[in-house]
Amino acid sequence: KQRPKYAWLNHVSNNIAKQAVKDACDAYKKWFDGRTDKSRLRAEKPHFKSRKKSKPAFYNDTIKLKVKTKLVLLEKVGWVKTSEQLPVNTKYSNPRISFDGKYWYVSVGIDEEQPVQDLTGETLGIDLGIKDLAIVSNGKIYKNMNKTGKVRKIEKRLRRLQRKVSRKYGMNKEGNRFV
């Protein structure tokens, strides 16, 4: 931070750098332990993010994250308006702020108890059909959305536009390549 090259680090929170190191440490621990990911058979070796492909995102400290009605306090940024109201007086976990080029997004984890549904003990049979989507044994009939006039009209328009685009590709062809 003392060198002029890294003076910009004074303008951001020190928790951002600490969390980046923690995230890298967790990734390497998962890789060394051979833990399985949800999508992969085994955790892969961590790689550095490409600055070309990745979107700007950073960590915000949970203690310093304050929420008011349609406002969020971000460290070193200040109070920021939100389009949705975050739950107040709850404990947040792993708050991350990301930017997609136009808007900033805040994502937080919230522990919330799920209400337990009581089972009724009723047994139903479902018949999947062609004309109707489903017919349930209690007499309820669910209509097939794809058979409505609106969907047919949209699909017809889609076919027409696809033919139009296909003709344009054909016009731009010179031999076996497109110009």
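Some points to look at:
- In segment 69-90, the residues that are open to solvent by 100 Å² or more (accessible area, probe 1.4 Å) and modelled with pLDDT under 85: 76, 89
- If the condition is being open to solvent by less than 90 Å² (accessible area, probe 1.4 Å) and in a loop (DSSP other than H, G, I, E, B), then segment 125-137 contributes 125, 129, 137.
- Residue list for segment 100-124, restricted to those being open to solvent by less than 90 Å² (accessible area, probe 1.4 Å), out of contact with any strand residue (DSSP E or B) (no Cβ under 7 Å at 6 or more places or on another chain) and closer than 19 Å to residue 59 by Cα: 100, 101
- Single unsatisfied condition, residue 66 versus (1) open to solvent by 90 Å² or more (accessible area, probe 1.4 Å); (2) modelled with pLDDT of 80 or more; (3) out of contact with any Leu (no Cβ under 7 Å at 6 or more places or on another chain): (3)
- Criterion violated by residue 58 - all others in (1) closer than 20 Å to residue 14 by Cβ; (2) out of contact with any helix residue (DSSP H, G or I) (no Cβ under 8 Å at 6 or more places or on another chain); (3) outside any loop (DSSP other than H, G, I, E, B) satisfied: (2)
The values are calculated or read from the model by the stated rules, or taken from the named source; none is laboratory data. As the structure is a prediction and not an experimental result, all values here were calculated from the model. Note: ideal-geometry Cβ built from the backbone for every residue, glycine included; neighbour counts use all protein chains shown. Surface accessibility is based on the protein's heavy atoms, side chains included, excluding ligands, DNA and RNA. Shrake-Rupley method; radii C 1.70, N 1.55, O 1.52, S 1.80 Å.
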